Amino acid sequence: MKYENIYLNPPESGVGLYRQLSEYFDFYNHRRRHQGIKNEIPFNRYLKQEKLHNK
């Protein structure tokens with residue numbers, strides 16, 4: 001997060017930092033594919049696990 005986002009686009013205020021982090025976490029968890037979990041999107045993997053647990 002620091003190297004991909006904060007250092008490249010330093011925020012001007014605390015509010016800017018909050019917005020920037022919120023947008024980054026949304027991207028990271030809902031749109032970015034992760035190599036460590038077989039190129040899946042974390043939220044999709046979470047939903048699959050929840051579905052299996054609730055059967």
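Read-outs: derived from the displayed coordinates by stated rules, not from any lab. Being a predicted model, the structure only gives us computed values, none of them experimental. Counting neighbours? That spans all protein chains shown, and the Cβs are built from the backbone with ideal geometry, glycine included.
Could you check how many percent of all C-alpha pairs in the stretch 2-53 are farther apart than 12 Å?
Values: 913 of 1326 pairs.
For the stretch 2-53, the share of Cα pairs beyond 12 Å comes to 69 percent.
Working note: 222 nm ellipticity from helices only, DSSP H runs with n ≥ 4, each -39,500 (n - 2.57), summed and divided by the residues of the chain, gives -17000 deg cm²/dmol to the nearest 500.
Placing pseudo-labels 7 Å out from each Cα toward the beta carbon at residue 4 and residue 21 gives an inter-label distance of 1.6 nm. With everything on Cα atoms, drop me the angle between helix 14-30 and the longest principal axis of the chain, reported from 0 to 90° to the nearest 10. Between the helix axis and the principal axis of the chain, the angle is about 30 degrees.
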